[in-house]
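Asks: Quick one: the structure is below, questions incoming.
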Amino acid sequence: MPSSEYLLEVQGLRQYFASGRGKNRLVVKAVDDISFGVKPAETFGLVGESGCGKTTTGRTIIRLCDPTAGRVFFDGREVSGRMTNDLRKYLTDNIAMIFQDPIESLNPRMTIEEIVGEGLKVRGLKDKAEIRRRVVEMLVKVGLNEEHATRYPHEFSGGQRQRIGIARAVIVKPKMIIADEPVSALDVSIQAQVINLLNDLKEELGLTILFIAHDLSVVKYFSNRIGVMYYGRLVEVAKGDDLYKNPLHPYTRALLSAIPQPNPLTERTRQRVDYVPDRDHDYSTEQPTMVEVEPEHFVLCSPSELLEYRRRIAQNV
Ligand SMILES: Nc1ncnc2c1ncn2[C@@H]1O[C@H](COP(=O)(O)OP(=O)(O)O)[C@@H](O)[C@H]1O
Ligand SMILES: [Mg+2]
């Protein structure tokens with residue numbers, strides 16, 4: 001059953017991809033039994049290195065892939081069951097996705113007005129003047145202007161294209177945005193602007209955001225809660241502050257140690273740590289499970305690791 005605390009709830013989700021036949025058959029466990037929830041109006045950061053299954057998680061939630069196992073609920077309704085026209089409409093009305101590469105996701109032959117207004121048309125709005133008015137209103141909201149409406153995607157910079165992608169996603173008033181590495185392809189100087197824009201829109205429109213990133217530095221400042229993913233599994237889920245204060249899983253510690261420090265003194269002494277699963281865990285006799293070590297702080301650990309983590313938290317508090 002879904003919990004009323006969450007807008008989006010993922011339970012035991014698996015997404016396996018099979019390729020080849022017979023002896024050559026290979027199964028990639030892109031997402032391998034993950035559970036988490038995103039509360040209304042929060043930003044949940046989903047973090048992990050390239051290939052760990054973040055995009056697949058997003059795509060499976062909005063049903064660009066059918067899940068191998070597990071259940072997903074949105075606003076109390078199961079969205080992982082049999083696909084129907086009604087369910088497809090429910091998903092597209094409620095969840096919009098923003099992609100990493102704004103140029104690949106914008107049709108080069110469509111004007112900005114057509115791109116941003118497409119969702120309104122699909123929903124049956126026919127009045128051209130009204131579409132135009134709403135598109136311009138949206139362009140202004142994302143920091144562009146009316147004269148941009150008649151131009152084509154190639155005439156814009158990377159940051160502007162991402163603003164267009166955001167306008168297209170938000171114009172249909174979804175409850176939730178899944179932003180898949182929306183700033184990874186942008187210059188560092190532009191990244192903060194796009195993140196600020198997303199945050200402003202979130203406040204103004206009451207959006208809930210699932211923000212996907214491959215490192216912690218991007219999500220650190222604005223995620224209410226963060227889930228850390230490693231090879232298809234979630235290894236730690238916690239409030240942002242708790243994750244920085246008390247990172248428990250060795251992979252989370254490795255990710256944190258990779259963030260450059262703004263203070264030159266601490267930056268000089270920053271020690272990078274690696275995560276080596278075979279060295280860092282002994283799962284030969286005990287299997288790891290996801291355990292709530294302190295309120296709202298979950299970590300994938302074995303019983304003996306749990307004792308150690310509890311001890312560490314007790315010392316730090
Ligand atoms: N459609 C697919 N068919 C086969 N394998 C896939 C497919 N999509 C993703 N994968 C594999 O699943 C794993 C996770 O990919 P992805 O979700 O894109 O990771 P991330 O977004 O974290 O970089 C990778 O090993 C990737 O090659
Ligand atoms: Mg990805």
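Asks: If you take the square roots of the eigenvalues of the alpha-carbon gyration tensor of the chain and sort them as a ≥ b ≥ c, do you get rounded (a/c under 1.5), prolate (a/b over b/c) or oblate?
Replies: prolate
Asks: Next question. How many angstrom separate the Cα center of the range 99-115 from the Cα center of the range 246-317?
Replies: Between the Cα centre of the range 99-115 and that of the range 246-317, the gap is 41 Å.
Asks: Let me ask another. Enumerate by residue number the chymotrypsin sites (Phe, Trp or Tyr not before Pro) in the range 124-223 meeting two conditions: DSSP loop (anything except H, G, I, E, B), and at most 14 other Cβ atoms within 10 Å of the site's Cβ.
Replies: The qualifying sites are TYR221.
Asks: If I ignore ligands, DNA and RNA and count only protein heavy atoms, how much of SER4 is accessible to a 1.4 Å probe, in Å² to the nearest 10?
Replies: Rounded to the nearest 10, that gives 120 Å².
Asks: Which longest run of the chain has no exposed loop site in it, a site being trypsin sites (Lys or Arg not before Pro) in a DSSP loop with at most 15 other beta carbons within 10 Å, and the site itself not part of the run?
Replies: 152-269
Asks: Determine the sum of side-chain charges near VAL10: Lys and Arg each +1, Asp and Glu each -1, restricted to other residues whose C-beta is under 12 angstrom from that of VAL10.
Replies: Computed value for this residue: -1.
Asks: Using DSSP to call loops (not H, G, I, E or B), can you name the GluC sites (Glu not before Pro) in the range 32-118 whose Cβ has at most 13 other Cβ atoms within 10 angstrom?
Replies: Hits after loop and neighbour filter: GLU104.
Asks: So, one more: For the chain, give the percent of accessible area contributed by carbon and sulfur heavy atoms, probe 1.4 Å, rounded to a whole number.
Replies: On the chain, the fraction of accessible area on carbon and sulfur atoms equals 50 percent.
Asks: Residue-wise, which Karplus ³J(HN,Hα) couplings in Hz belong to the range 108-115, taking 6.51 cos²θ - 1.76 cosθ + 1.60, θ = phi - 60°, and x for glycine or proline?
Replies: Result, rounded to whole Hz: x, 9, 9, 6, 4, 4, 5, 5.
Asks: Let me make sure I get this right: for the range 233-297, a, b and c are the square roots of the gyration tensor eigenvalues over alpha carbons, sorted descending. Under 1.5 in a/c it's rounded, otherwise prolate if a/b > b/c, else oblate. Which is it?
Replies: Oblate, since a/c reaches 1.5 and b/c is not below a/b.
Asks: Can I ask one more? What's the center-to-center distance, using Cα atoms, between the range 3-60 and the range 68-83 in Å?
Replies: First find each Cα centre; the distance between them is then 13 Å.
Asks: Give a residue-ordered list of calculated ³J(HN,Hα) values for the range 250-255 (Karplus: 6.51 cos²θ - 1.76 cosθ + 1.60, θ = phi - 60°; whole Hz; x for Gly, Pro).
Replies: Each residue's phi maps through the Karplus curve to give x, 6, 4, 4, 5, 4 Hz.
Asks: While we're looking at this one, here's another question. Kindly report the accessible area of the chain per residue (heavy atoms of protein chains, probe 1.4 Å, no ligands, DNA or RNA), in Å².
Replies: Value for the chain: 51 Å² per residue.
Asks: Which of the chymotrypsin sites (Phe, Trp or Tyr not before Pro) found in the range 254-316 are loop residues per DSSP with 13 or fewer other Cβ atoms within 10 Å of their Cβ?
Replies: TYR283
Asks: Moving on to the next point. I need the shape label for the range 1-144. Rule: rounded when a/c is under 1.5, else prolate if a/b > b/c, else oblate, with a, b, c from the alpha carbon gyration tensor.
Replies: Verdict is prolate for the range 1-144.
Asks: Okay, moving on. What net charge do the residues around ASP101 carry, taking every other residue with its C-beta under 10 Å from that of ASP101, with Lys and Arg at +1 and Asp and Glu at -1?
Replies: Summing Lys/Arg as +1 and Asp/Glu as -1 gives -2.
Asks: What are the ³J(HN,Hα) couplings of the range 150-159, residue after residue, when phi is run through the Karplus curve with 6.51, -1.76, 1.60 and θ = phi - 60°? Round to Hz, x for glycine and proline.
Replies: Whole-Hz 3J(HN,Hα) from phi for the range 150-159: 8, 8, 10, x, 5, 7, 10, 6, x, x.
Asks: For a quick check: with amide H placed at 1.01 Å from N, whose amide H comes under 5 Å from VAL79's, ignoring anything fewer than 5 positions away on the same chain?
Replies: VAL72, PHE73, PHE74
Asks: With the cut-off at 24 Å, tell me which of the pairs LYS89/LYS202; LYS175/LYS245; LYS39/LYS202; LYS89/LYS175 have Cα atoms farther apart than that.
Replies: LYS175/LYS245
The values are calculated or read from the model by the stated rules, or taken from the named source; none is laboratory data. Owing to the predicted nature of the structure, the values given are computational and were not obtained by experimental measurement. All Cβ positions, glycine included, derive from the backbone under ideal geometry; neighbour counts span all protein chains shown. These area figures cover heavy atoms from the full protein model, side chains too; ligands, DNA and RNA do not enter into them. Shrake-Rupley method; radii C 1.70, N 1.55, O 1.52, S 1.80 Å.
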